[in-house]
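Trainee: For reference, the structure I am asking about is given below.
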Amino acid sequence: MRRYVIYYYLADDTVEVQEIHEKNDGRDPFPLLLKKMKLPRDWKDKPINFPSLAMESSDEEVLYYYTPKDFLVGETIFILGRRFLIYDTDKFTRKYFEEILKITQKARIDVFEKKPPPPVLPIPPHLGFGSPEDSLQSCLTVTIPVPPKKDVVRYVYNINKYLRYEAIMDWVHPEDKNRKFVFSYCLSDCSITINEIPQRNSGFMEGTYLRATRVPKPGTNLDDPDYYTPVDLYIGDVRLRLGFSSERIVGGTNANKGDFPYQISLQQVILGIIRSHICGGSIISPTWVLTAAHCIPSFGTLEVVAGEHNLNTNEGTEQRVAVQQSIVHAGYGGSVGPNDIAVVRLRSALTYNEYVQPIALPAADEVFGRTSILSGWGSTSTTSTASMPAILQTAQLPIVEYNQCLATYGSDSPLDPTNVCTGPLSGGMGACSGDSGGPLVQVKSDGSREIIGIVSWGVIPCGSSNAPSVYVRVSAFIDWINNNIQ
């Protein structure tokens, strides 16, 4: 069905038909279907003696021409053999009919199918290339990338204006204790520059520690980060934390004590005196811990240490409990594969406090968001040689959709629909050896956390590009967990 506009000229009773062309309709954009002319009602009604070679009819041959009263809404008219349904008129035409012809035109008729609104395209997660603002702008302008819009007024007004602070490092290693820095906060573009103050015989080279960079706050959404502002920088503040420590989950940072009260260290005990951290785990009840099946060894005994932060220091918050029973999923075939999940029963119940708390389980087959939080004492090395930290590490990681993860590893990989993957695909961040069995959690809308994954397997060197970290998807095993911890 095509749209036309019929013009009736009252001055000389002529008619003109104009075609309305739409974008990409595939038709010749010639404006007129019928030039201005007097339009006969029946263009075939001609005298017998009318010469067939004549191109036009005169008033002598035409008995009736179209008049304004013939153009009524809802009526079908014939124009030189074509049918036209009149479905609406403009305001002047309606007023002319009512005042001059004493005829009330009908209301507009809906003759066209209503097109559904275009689907809302989701914004893909930031994969680590450039800033989140650059990635978003690339999605909004596909053909010719346009840089993100800048606040020009703020830039011009605050150009060459800096807030400067003197600071020391919130150190973990003793050699960092006396290092001093100068923070420069640029008011024009909200970037932070950190320079180390030279100190004689310090063993550290002075100069730029952090070039001008907008620094996101810890725990913020990776796709829409909340950056540090002057409000966050004041004397005595220790909240500005930068992810440049050499010992961390690959690409992560040192966790604050008490930030992950559900995290436990699963330790193997040999000969009753040798204890070593082998895996992580999550508290789901006072007597049950959730971990990975491959974390259950075939020899020695196991202990769970809750309230742990620094593996090398007794901080007084630890609760060490022996494992009474380990239950491994019957479908786990060993090594790398699906169903890599286990629960362990503790010999005595844990005591909940500020540093020891359970983590909530998700609903069965629950769909989770695009970002997640990982914690653990796994290797921080990006090479084949492990480097194990003493302090609990954490990182915020983007979720990689299963189909994308499967395309990355291939259909012959041990990846299973009961797995969940995290990126970024650009590398530099991820789980590693020693993080196994540990929790991957998401923050719900009410601020609470729930576990969505158990660290299962990955590629060494850790943090490699196009090598997502793979976890057991907890929501696929809710019935199994509940049946075994009763």
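Read-outs: derived from the displayed coordinates by stated rules, not from any lab. All values derive from a computational prediction rather than experimental measurement. Note: ideal-geometry Cβ built from the backbone for every residue, glycine included; neighbour counts use all protein chains shown.
Trainee: 222 nm [θ] for the chain, helices only, -39500 (n - 2.57) per DSSP H run of 4+, per residue, to 500? Spell out each step's value before the answer.
Mentor: Details: 5 runs with 37 residues, N = 486.
After summing the helix terms and dividing by the residues of the chain, the value is -2000 deg cm²/dmol.
Trainee: Sticking with the crude label model, points 7 Å out along Cα→Cβ, report the distance from Thr313 to Tyr7 in nm, one decimal please.
Mentor: 8.6 nm
Trainee: Is the C-alpha gyration tensor of the chain telling us rounded, prolate or oblate? Criteria: a/c under 1.5 is rounded; beyond that, a/b larger than b/c is prolate, otherwise oblate.
Mentor: Working: a/c = 3.76, a/b = 2.30, b/c = 1.63.
The shape class here is prolate.
Trainee: Another one. Give me the distance between the Cα centres of segment 417-442 and segment 136-211, rounded to whole Å.
Mentor: Segment 417-442 and segment 136-211 have Cα centres spaced 29 Å from each other.
Trainee: Amide H to amide H, which residues 5 or more places from Ser191 or on other chains are under 5 Å from it, using H placed in the peptide plane?
Mentor: Sorted by chain and number, the residues that satisfy this are Cys186.
Trainee: Quick check: the distance between the Cα centres of segment 393-409 and segment 297-356, to the nearest angstrom?
Mentor: Cα centroid of segment 393-409 versus Cα centroid of segment 297-356: 26 Å apart.
Trainee: Moving to a separate point now. Which trypsin sites (Lys or Arg not before Pro) from segment 75-129 combine a DSSP loop assignment with at most 14 other Cβ atoms within 10 Å?
Mentor: On the way: sites: Arg82, Arg83, Lys91, Arg94, Lys95, Lys102, Lys106, Arg108, Lys114; in loops: Lys102, Lys106, Arg108, Lys114.
Here the sparse-neighbourhood loop sites are Lys102, Lys106, Arg108, Lys114.
Trainee: With labels modelled as points extended 7 Å from the Cα through the Cβ direction, what inter-label distance (nm, one decimal) is found for Ser426 paired with Asp90?
Mentor: Label at Ser426, label at Asp90, 5.5 nm between them.
Trainee: So which cysteines in the chain don't have a second cysteine's C-beta under 4.7 Å from them?
Mentor: Cys139, Cys186, Cys190
Trainee: Work out the FRET efficiency for Glu175 and Asp134 from their Cβ-Cβ distance, taking R0 = 51 Å, and round it to the nearest 0.05. Present the calculation step by step, with values, prior to reporting the outcome.
Mentor: Numbers: r = 37 Å, r/R0 = 0.72.
E between Glu175 and Asp134, to the nearest 0.05, is 0.90.
Trainee: Could you run the Karplus curve 6.51 cos²θ - 1.76 cosθ + 1.60 with θ = phi - 60° over segment 431-448 and give me ³J(HN,Hα) per residue in whole Hz, x for Gly and Pro?
Mentor: 6, 8, 4, x, 7, 3, x, x, x, 10, 10, 10, 8, 7, 5, 8, x, 7
Trainee: Also: Cross-link list Lys69/Lys91; Lys69/Lys114; Lys150/Lys217; Lys35/Lys69; Lys35/Lys106; Lys36/Lys102: which exceed 19 angstrom alpha carbon to alpha carbon? All intermediate terms of the calculation are to be shown ahead of the outcome.
Mentor: Details: Lys69/Lys91 16 Å; Lys69/Lys114 30 Å; Lys150/Lys217 21 Å; Lys35/Lys69 21 Å; Lys35/Lys106 27 Å; Lys36/Lys102 26 Å.
Those over the limit are Lys69/Lys114; Lys150/Lys217; Lys35/Lys69; Lys35/Lys106; Lys36/Lys102.
Trainee: Separate question: Taking amide H positions as placed in the peptide plane 1.01 Å from N, state which residues far from Leu34 in sequence (5 or more) or on other chains have amide H under 5 Å from it.
Mentor: It is Val17, by chain and number.
Trainee: Specify whether the C-alpha gyration tensor of segment 263-484 places it in the rounded, prolate or oblate class, a ≥ b ≥ c being the square roots of the eigenvalues: rounded for a/c under 1.5, otherwise prolate if a/b is larger than b/c and oblate if not.
Mentor: Numbers: a/c = 1.45, a/b = 1.31, b/c = 1.11.
In terms of gyration-tensor shape, rounded.
Trainee: Restrict the search to segment 89-118; then list the chymotrypsin sites (Phe, Trp or Tyr not before Pro) that DSSP places in a loop and that have at most 13 other Cβ atoms within 10 Å of their Cβ. Mind showing how you got there, number by number?
Mentor: On the way: sites: Phe92, Tyr96, Phe97, Phe112; in loops: Phe112.
Within segment 89-118, the qualifying chymotrypsin sites (Phe, Trp or Tyr not before Pro) (loop, at most 13 other Cβ atoms within 10 Å) are Phe112.
Trainee: Can I ask one more? Please give, to one decimal in nm, the separation of the simple spin-label points placed at Leu271 and Leu163, each 7 Å out from Cα toward the Cβ.
Mentor: Label-label distance for Leu271 and Leu163, simple model: 5.7 nm.
Trainee: Go through segment 341-356 residue by residue and turn each phi into a ³J(HN,Hα) via Karplus (6.51, -1.76, 1.60, θ = phi - 60°); whole Hz please, and just put x for glycine and proline.
Mentor: 9, 8, 10, 10, 8, 8, 5, 9, 6, 6, 9, 6, 7, 4, 9, 9
Trainee: Quote to one decimal, in nm, the extra length available between Trp480 and Thr220 on full extension: 0.36 nm per residue of separation minus the C-alpha distance between them.
Mentor: Details: separation 260, 0.36 × 260 = 93.60 nm, distance 3.29 nm.
That works out to 90.3 nm of additional length.
Trainee: Place a point 7 Å from the Cα of Arg345 along the Cα-to-Cβ direction; which residues of segment 457-486 have their backbone N under 12 Å from it?
Mentor: Inside the label zone: 484-486.
Trainee: So, one more: Under the rule of at least 5 residues apart or a separate chain, name every residue whose amide H is placed under 5 Å from the amide H of Phe71.
Mentor: Amide H neighbours of Phe71, under 5 Å, 5+ apart: none.
Trainee: Let me ask you something else. Within segment 257-351, list the GluC sites (Glu not before Pro) lying in a DSSP loop whose Cβ has at most 11 other Cβ atoms in a 10 Å radius.
Mentor: Working: sites: Glu303, Glu308, Glu315, Glu318; in loops: Glu308, Glu315, Glu318.
Of the GluC sites (Glu not before Pro), the ones in loops of segment 257-351 whose Cβ has at most 11 other Cβ atoms within 10 Å are Glu315.
Trainee: Here's a follow-up. With θ taken as phi - 60° and the coefficients 6.51, -1.76 and 1.60, list the Karplus ³J(HN,Hα) couplings across segment 265-274 in order, rounded to whole Hz; mark glycine and proline as x.
Mentor: These are the phi-based 3J(HN,Hα) values: 9, 8, 10, 8, 10, 10, 6, x, 10, 9 Hz.
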